[in-house]
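Everything below concerns the one structure shown next.
The values are calculated or read from the model by the stated rules, or taken from the named source; none is laboratory data. None of the values given here were measured: they were computed from a predicted structure. Note that we place each Cβ from the backbone using ideal geometry, even for glycine, and neighbour counts take in every protein chain shown. Just the protein is used for accessible areas: all its heavy atoms, side chains included, with ligands, DNA and RNA removed. Shrake-Rupley method; radii C 1.70, N 1.55, O 1.52, S 1.80 Å.
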Amino acid sequence: MPADAKPAAKPAHNGTLSLLLDFGPLLVFFLTYKGAGWIWGAGNPITTMTFGTAAFMAAIVIAVIVSKLKLGRVSPMLWLSAMLILFFGGLTIYFHDQRFIQLKPTIIYAFFALTLFAGLLRGKPLLKYLLQAAYDGLSHEGWMKLSRNWALFFVGMAVANEAMRRTMTFDTWLAVKVWGVTIVSVIFAAANLPMLMRHGLELGDRLDGDDLGETTPPQG
């Protein structure tokens with residue numbers, strides 16, 4: 001390498017912003033849906049669902065723009081989540097059927113589970129590229145185990161979403177999706193840290209309290 005050559009800059013990392021970009025649109029959906037219900041009453045589900053879904057779609061577009069401007073990139077997870085939210089959100093509004101927006105998490109979790117398992121079969125830890133989270137020092141074996149763990153987690157999330165949407169009211173499903181799934185995802189990410197440290201991750205490099213947001217699944 002020439003003496004005056006500069007190493008390529010690493011992509012910007014901001015775990016808190018990444019978590020907000022994933023969680024924010026869902027929170028906007030929740031608050032708008034509830035707010036519309038308070039204004040027009042629970043007896044008008046079409047109006048509340050339309051307003052909530054439209055706000056969800058607008059929020060995910062804003063999240064993509066903010067990610068590009070602030071981080072200089074849009075993660076594959078955020079891109080896919082945005083496309084599915086716009087597609088299923090449009091179907092929800094057009095058909096006035098909330099089942100479309102409830103089905104989206106199942107599809108996105110199943111897609112990422114299949115993608116990660118396919119990578120594992122080929123000996124490639126695709127989670128490293130899907131999440132775009134740089135774990136300095138993490139070995140190949142560590143990435144493989146992390147990909148395996150998240151693949152299994154995504155399977156569990158897909159099954160759980162199907163069970164919830166089939167057995168819960170929409171209001172209950174939405175509350176669990178916003179609060180319960182997010183909390184479980186962050187806890188699961190934290191639970192993987194001891195394993196990561198055993199495979200080369202240095203405590204001081206990544207555990208400054210701001211990076212778990214880059215290792216959680218999409219919340220949309």
Condition set of a type outside the set (D, E, K, R) and in contact (Cβ under 8 Å) with a residue 24 or more places away in the chain, scope region 65-78, selection surrounded by the fewest Cβ atoms within 10 Å (Cβ to Cβ): answer is Gly72
Restricting region 195-212 to residues that are open to solvent by 70 Å² or more (accessible area, probe 1.4 Å) and not in a loop (DSSP other than H, G, I, E, B), the one modelled with the highest pLDDT turns out to be Arg198
Exception for Ile108 within (1) in contact with a Gly (Cβ under 7 Å, 6 or more places away or on another chain); (2) open to solvent by less than 30 Å² (accessible area, probe 1.4 Å) falls at (1)
When every residue in region 163-177 that is aliphatic (A, V, I, L, M) and in contact (Cβ under 8 Å) with a residue 24 or more places away in the chain is compared, the one least open to solvent (accessible area, probe 1.4 Å) is Leu174
Output for Cβ contacts, cut-off 7 Å, separation at least six or different chains, first residue closer than 19 Å to Asn161 by Cα and in a helix (DSSP H, G or I) in region 79-105, second open to solvent by less than 50 Å² (accessible area, probe 1.4 Å) and among the hydroxyl-bearing types (Ser, Thr, Tyr), reads Gly89/Thr53; Thr92/Thr53; Phe100/Thr92; Ile101/Thr53; Ile101/Thr92
Subset of region 38-62, residues at pLDDT below 75, assigned to a helix (DSSP H, G or I) and out of contact with any helix residue (DSSP H, G or I) (no Cβ under 7 Å at 6 or more places or on another chain), comes to Trp38, Ile39, Pro45, Ile46
Checked region 79-92 for anything crowded, with 19+ Cβ neighbours inside 10 Å and at pLDDT 90 or above; matches are Ala82, Leu84, Ile85, Phe88, Gly89, Thr92
Legend entry - Residue within region 116-139 that is surrounded by fewer than 16 Cβ atoms within 10 Å (Cβ to Cβ), touching a helix residue (DSSP H, G or I) at 6+ places or on another chain (Cβ under 6 Å) and outside any helix (DSSP H, G or I) present: yes
Residue pairs within 8 Å by beta carbon, gap of at least six or interchain, first lying in region 20-33 and over 11 Å from Ala55 (Cα atoms) and open to solvent by less than 40 Å² (accessible area, probe 1.4 Å), second among the hydroxyl-bearing types (Ser, Thr, Tyr) and not in a helix (DSSP H, G or I), listed first then second, are Asp22/Thr216
When region 69-81 is checked residue by residue, the ones that are under 26 Å from Ala110 (Cα atoms) and more than 12 Å from the chain's Cα centre (by Cα) are Arg73, Val74
